[in-house]
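Structure record follows, encoded as structure tokens.
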Amino acid sequence: MRALFMGAHPDDVEVSAGGTVQTLVEDGWEVWITTTVYEGSKRLDEGLAAAEILGASYIPVSGTHEEIVGSWSDIGDFDLIVTTPITDSHPAHRTTAKIGLALTRRNDVDLWEMNHAIPGGIANSPDLNHFVTFSFEQETNKQRALKAHKTQDTKYGDWWRPAILARDRYLGLMVERGQIIAYAEGFRIVHSRS
Ligand SMILES: [Zn+2]
């Protein structure tokens, strides 16, 4: 099974789906992380380091909408495509969602949207209808991957990673109904394979 996680910027997937990527990799999935906006070689290196920590392959792409769709179509079919949400307040996140949707034209594929980025405003959360739980060890590893994004870690300061941890704990507690150590990430299933 193959999954493609699409962010606009190099930290988008780690923030909203770093635990889920690990659960898929542990289940034997081949997981690719891609980003659609070129943010310079430093953030490219950070993206590579973070993806390696999660056990995924990082292949950034940039270009026009059509070029990006073309380059990923050439790589072959996926069983699951996960994008930034179409409701996101960031225009590049919305564009990435549209590119993900375009990729589903070629095959019957599951399509999910990630939760909105942190930070990223409060009025742009997708209607979450699917949750993936993961362990303390996986959350610890997710935090390591976030830390690998040194540019963002420095830019957003001491509250960034704890805020992401708090959202994962909040969702984990809600989904597992009171388990002490449970973490979760939320998604919106846009399409399930027929
Ligand atoms: Zn972003």
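Placing unit charges on the Cβ atoms of the charged side chains and taking the dipole of the chain about its Cα centre, the candidate lying farthest along the positive direction among Gly7, Thr104, Asn115 is Asn115. Nonpolar atom fraction for segment 56-153, defined as the carbon and sulfur part of the 1.4 Å probe accessible area, stands at 54 percent.
Note on Asp77/Val175: beta-carbon distance plugged into 1/(1 + (r/R0)^6) with R0 of 22 Å gives a FRET efficiency of 0.15. Summing charges over neighbours of Gly121, with a neighbour being any other residue whose Cβ is under 15 Å away from its Cβ, gives 0 when K and R count +1 and D and E count -1. What residue among Gly172, Gly120, Gly18 has the largest mean-square fluctuation in a Gaussian network model of the chain, using Cα springs under 10 Å? Top of the fluctuation ranking is Gly120. Select from Thr36, Thr64, Thr151 the residue whose mean-square fluctuation is largest in a Gaussian network model of the chain (Cα-Cα springs shorter than 10 Å). The residue that fluctuates most here is Thr64. All other residues whose Cβ lies under 13 angstrom from that of Ser57 are scored, Lys and Arg at +1 and Asp and Glu at -1, for a net of -1.
Ligands, DNA and RNA are left out, and with a 1.4 angstrom probe the accessible area of segment 54-194 is 53 Å² per residue. Using the Cβ-Cβ distance between His65 and Leu44 with R0 set to 25 Å, the FRET efficiency works out to roughly 0.75. Modelled this way, with points 7 Å down the Cα-to-C-beta line, the labels at Ala166 and Asp27 are 3.0 nm from one another.
Only bridges whose two residues both fall in the chain count here: according to DSSP, what percent of them are antiparallel, nearest 5?
35
Each Cα pair under 8 Å and six or more residues apart adds its separation to the average, and for segment 20-157 the resulting relative contact order is 25 percent. Solvent-accessible surface of segment 1-41, averaged per residue with a 1.4 angstrom probe and all protein chains in place: 29 square angstrom.
The values are calculated or read from the model by the stated rules, or taken from the named source; none is laboratory data. What you see is a predicted model; the values in this text were computed from it and never measured. We place every Cβ from the backbone using ideal geometry, glycine too, and count neighbours over all the protein chains shown. Quick note on the areas: whole protein, heavy atoms, side chains included, nothing else; ligands and nucleic acids left out. Shrake-Rupley method; radii C 1.70, N 1.55, O 1.52, S 1.80 Å.
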